[in-house]
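Enquirer: Here it is: the structure, laid out below.
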Amino acid sequence: MTKRVRLFSVFLLVVLAAAQTTPLMPTIEGESLTGSKVSLPEAAKGKVAVLVFGFTKASKTATSAWADRLLADFVAQNGFALYQLPVLESVPGFIRGMVISSMKKGVPGNMQDHFVPILHGEAELKRLVGYKEPDDAYLVVLDSGGNIIEQRRGPFNGATYAQLRVDIQSQLSHQK
């Protein structure tokens, strides 16, 4: 093999390896607490977005802590969006309405457009976020093109948040 062919082969392998390690963002569809249809990542295109997933009732503590801190730091930033996505597929259908109604009462009106209960695709979402602990928060950060650039999981942690904040701020500054 010529040197050029070998270099191209190595380059191709690196590109393919990188493509396989970055999960693709699947389309997630749901209805916000205000009744608006939401399709992600499309709804977040043009913005740096953080999607906060919770898979159990007890995950509310972790997801709320992450969301509250992100909102406090970024709500006024142009080009930022936060979506809270409780995954309710495993909640029995006959009580889902009550669960969603209860959520609506607990979410401030200005946040209800970005609070989207997810009723389908739980298994795919668990694979996407690397699901391990049921009561953890799972965060997916999207760039302005809707591509996954970072993922985090767990309860709120100040040191982890500090790095996430820097990463988001860096993405926002690249948008300008």
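Residues are listed down the side, and each one gets a yes or a no for (1) under 26 Å from His174 (Cβ atoms); (2) assigned to a helix (DSSP H, G or I); (3) in contact with a strand residue (DSSP E or B) (Cβ under 6 Å, 6 or more places away or on another chain):
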{"residue": "Arg69", "(1), (2), (3)": "yes, yes, no"}
{"residue": "Pro86", "(1), (2), (3)": "no, no, yes"}
{"residue": "Ser90", "(1), (2), (3)": "no, no, no"}
{"residue": "Glu124", "(1), (2), (3)": "no, yes, no"}
{"residue": "Val141", "(1), (2), (3)": "yes, no, yes"}
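Enquirer: For segment 75-100, give me each residue that is polar (S, T, N, Q) and modelled with pLDDT under 95.
Expert: Of all residues in segment 75-100, those polar (S, T, N, Q) come to 77-78, 84, 90.
Selection gives Gln77, Asn78, Ser90.
Enquirer: Within segment 117-156, how many residues are surrounded by fewer than 14 Cβ atoms within 10 Å (Cβ to Cβ) and within 16 Å of Ala62 (Cα to Cα)?
Expert: 2
Enquirer: Of everything in segment 75-84, what is surrounded by 16 or more Cβ atoms within 10 Å (Cβ to Cβ), aliphatic (A, V, I, L, M) and not in a strand (DSSP E or B)? Give them in sequence order.
Expert: Quick first cut of segment 75-84, residues surrounded by 16 or more Cβ atoms within 10 Å (Cβ to Cβ) only: 79-84.
Next, only the ones that are aliphatic (A, V, I, L, M) stay: 81-82.
Residues satisfying the conditions do not exist here.
Enquirer: Also: Would you call Lys37 under 27 Å from Asp167 (Cα atoms), at pLDDT 95 or above and in contact with a strand residue (DSSP E or B) (Cβ under 7 Å, 6 or more places away or on another chain)?
Expert: For Lys37, the condition - under 27 Å from Asp167 (Cα atoms), at pLDDT 95 or above and in contact with a strand residue (DSSP E or B) (Cβ under 7 Å, 6 or more places away or on another chain) - is not met.
Enquirer: Given the residues Ala72, Ala49, Ala58, which is the only one that is farther than 22 Å from Gly130 by Cα and either crowded, with 16+ Cβ neighbours inside 10 Å or at pLDDT 95 or above (or both)?
Expert: Ala72
Enquirer: Using the structure shown, decide if Lys105 is loosely packed, with under 12 Cβ neighbours inside 10 Å and either within 17 Å of the chain's Cα centre (by Cα) or free of Cβ contacts under 8 Å to residues at least 12 places away in the same chain (or both). Break it down stepwise before answering.
Expert: Working: loosely packed, with under 12 Cβ neighbours inside 10 Å: yes; either within 17 Å of the chain's Cα centre (by Cα) or free of Cβ contacts under 8 Å to residues at least 12 places away in the same chain (or both): yes.
Here the answer is yes, as Lys105 does meet what is asked.
Enquirer: Run down Phe94, Phe115 and say which single residue is over 16 Å from the mean Cα position of the chain (by Cα) and aromatic (Phe, Trp, Tyr).
Expert: Answer to the selection: Phe94.
Enquirer: Looking at (1) surrounded by 15 or more Cβ atoms within 10 Å (Cβ to Cβ); (2) of a type in the set (Gly, Ala, Ser); (3) more than 22 Å from Pro26 (Cα to Cα), which one does Ala162 not meet, given that it meets all the others?
Expert: Every condition holds for Ala162 apart from (1).
Enquirer: Applying the selection to segment 1-33, what residues are surrounded by 14 or more Cβ atoms within 10 Å (Cβ to Cβ) and either of a type in the set (Gly, Ala, Ser) or at pLDDT 95 or above (or both)?
Expert: Correct list: Ile28, Glu29, Gly30, Glu31, Ser32, Leu33.
Enquirer: Of the residues Leu128, Leu164, which single one is touching a Pro at 6+ places or on another chain (Cβ under 6 Å) and part of a helix (DSSP H, G or I)?
Expert: Leu128 is the lone residue from the list that is touching a Pro at 6+ places or on another chain (Cβ under 6 Å) and part of a helix (DSSP H, G or I).
The values are calculated or read from the model by the stated rules, or taken from the named source; none is laboratory data. Keep in mind that this is a model prediction, so the values were computed, not measured. When we count neighbours, we look across all protein chains shown, and the Cβ atoms used for this are built from the backbone with ideal geometry, even at glycine.
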